[in-house]
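Novice: Let me begin by handing over the structure; questions about it come next.
The values are calculated or read from the model by the stated rules, or taken from the named source; none is laboratory data. Given the structure is predicted, the values throughout are model-derived calculations rather than measurements. Neighbour counts run over all protein chains shown; Cβ positions are idealised from the backbone, glycine included.
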């Protein structure tokens, strides 16, 4: 999103955001169309569809956890769709605005997939209406991008190559046995990990990440009964992107623990291997290529990772910084430590915006390198704040886990950008 819009969204108080009214105003039609009436009509339709989608989303999911963050992102897209409509009707170029819209819509899609896959909740009819509204927006967007001669961006967590793996399933029921196996194996692994390593330094952090994956595996299992293929694909991609953190902890523990505990270490290693086998099997069923710790796809047979432009790495850093700020606001806004924690998080978000601006040419300037070093020098303060926020009596386990995951994603994005820039990190979580 544009800076002014992002800054406005971040500045809004949580209470004001939760009370944000669904846009009711009709999208204005121009009295006379410009010469490019086709694109203008499509732009008007995009704004109308986005308005309907926001109303449907609000009516259906406003009681869900994390709704405020999801709706904030959808509302930003509604505002952006209006900018596209106004620009198109004024005969101005809308290519950059369409690209911005396309780059952000996948975040909303992910939220809707999670909400739809959650057990209980709204009726199937209501959820289907939201999904249909989103599909209408996507269809119009695709048509406009085609008219503008712009290729769609790949969804986060999906293949970036020219050849996409082919999925072998056509409905969620076909995934049910594998999903159940993944959840059972993840539960077994967590038990073995706890028995074997619970006295190790940093065990709490490592086990927190493993337990979060256990919860995610249960969501995947639940989603096979009433969820969508796309929703499960997003959850599996998220699982694949996070499991390497647990792998790293287990490797460190095994290398430093008393060698006498070989039986326990072997049980943990075997449990992790079984989890990875189930994960890889489901990814193959869904046509997803595995991703490494840096967030890139890796070719079959251990080939080189695909090259992602530095501008995209910088954009990912900015998105992850914003997502972490949203997470703090959503989960800890009533904590006494929240104002200072959020202030520092938002300052890093502003640094990430500068980095993104400098990276547009895909060249890594000295100024850009200095900003990355500044970011790296300050990010460890967020970890310290998060530890303090977790001790607040009002903090929930789910909220804490989510914020930790968001911080982990931010660390991962920073590591990828700094590695590309050839800069060694000061406070790396390798």
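Novice: Output yes when any residue across the range 69-84 is at pLDDT 50 or above, closer than 23 Å to residue 346 by Cα and not in a helix (DSSP H, G or I), and no when none is. Quick ask: steps written out before the conclusion?
Specialist: First pass over the range 69-84, keeping only residues at pLDDT 50 or above: 69-84.
Next, only the ones that are closer than 23 Å to residue 346 by Cα stay: 69-77, 79-80.
Checking the rest, the ones that are also not in a helix (DSSP H, G or I) come to none.
For the range 69-84, residues at pLDDT 50 or above, closer than 23 Å to residue 346 by Cα and not in a helix (DSSP H, G or I): absent.
Novice: Can I ask one more? For the range 192-213, which positions are surrounded by fewer than 14 Cβ atoms within 10 Å (Cβ to Cβ) and within 14 Å of residue 269 (Cα to Cα)?
Specialist: As a first pass, look at the range 192-213 and keep what is surrounded by fewer than 14 Cβ atoms within 10 Å (Cβ to Cβ): 195, 198-199, 201-202, 204.
195, the sole residue that qualifies.
Novice: Next up: Only residues in the range 233-244 that are without any contact (Cβ under 8 Å) to a residue 24 or more places away in the chain count as the first member; pair them with residues that are part of a helix (DSSP H, G or I) and surrounded by 23 or more Cβ atoms within 10 Å (Cβ to Cβ), Cβ under 7 angstrom, at least 6 apart or cross-chain, and list the lot.
Specialist: Qualifying pairs under 7 Å: none.
Novice: Could you look through the range 93-119, keep only residues that are closer than 14 Å to residue 144 by Cβ and not in a helix (DSSP H, G or I), and pick out the one that is modelled with the highest pLDDT?
Specialist: My answer is 94.
Novice: I'd like the residue in the range 79-106 that is surrounded by fewer than 20 Cβ atoms within 10 Å (Cβ to Cβ) and within 20 Å of the chain's Cα centre (by Cα) and, out of all such residues, is nearest to residue 131 (Cα to Cα).
Specialist: 106
Novice: Mind listing whichever residues of the range 408-430 are touching a residue at least 60 places away in the same chain (Cβ under 8 Å) and crowded, with 18+ Cβ neighbours inside 10 Å?
Specialist: Across the range 408-430, the qualifying residues are 408, 409, 410, 412, 413, 414, 415, 416, 417, 420, 421.
Novice: Do we have residue 265 as over 27 Å from the mean Cα position of the chain (by Cα) and assigned to a helix (DSSP H, G or I) here? Give the steps one after another, and end with the answer.
Specialist: Values: over 27 Å from the mean Cα position of the chain (by Cα): yes; assigned to a helix (DSSP H, G or I): yes.
Yes.
Novice: Restricting attention to helices (runs of 4 or more DSSP H) lying wholly within the range 305-407, give those where 1 or more residues are out of contact with any helix residue (DSSP H, G or I) (no Cβ under 7 Å at 6 or more places or on another chain), without any contact (Cβ under 8 Å) to a residue 60 or more places away in the chain and within 21 Å of residue 208 (Cα to Cα).
Specialist: Working: elements: 310-332, 338-358, 366-390.
The helices (runs of 4 or more DSSP H) meeting that bar are 366-390.
Novice: While we're looking at this one, here's another question. Filter the range 214-239 down to residues that are outside any helix (DSSP H, G or I) and either buried (at least 20 other Cβ atoms within 10 Å of the Cβ) or not assigned by TED's automatic domain parsing to the domain that holds residue 277 (or both) and give me whichever is modelled with the highest pLDDT.
Specialist: Residues of the range 214-239 outside any helix (DSSP H, G or I): 224-228.
Next, from what is left, pick out any that are either buried (at least 20 other Cβ atoms within 10 Å of the Cβ) or not assigned by TED's automatic domain parsing to the domain that holds residue 277 (or both): 224, 227.
Values: 224: 88, 227: 83.
Looking at the filtered set, the residue picked out is 224.
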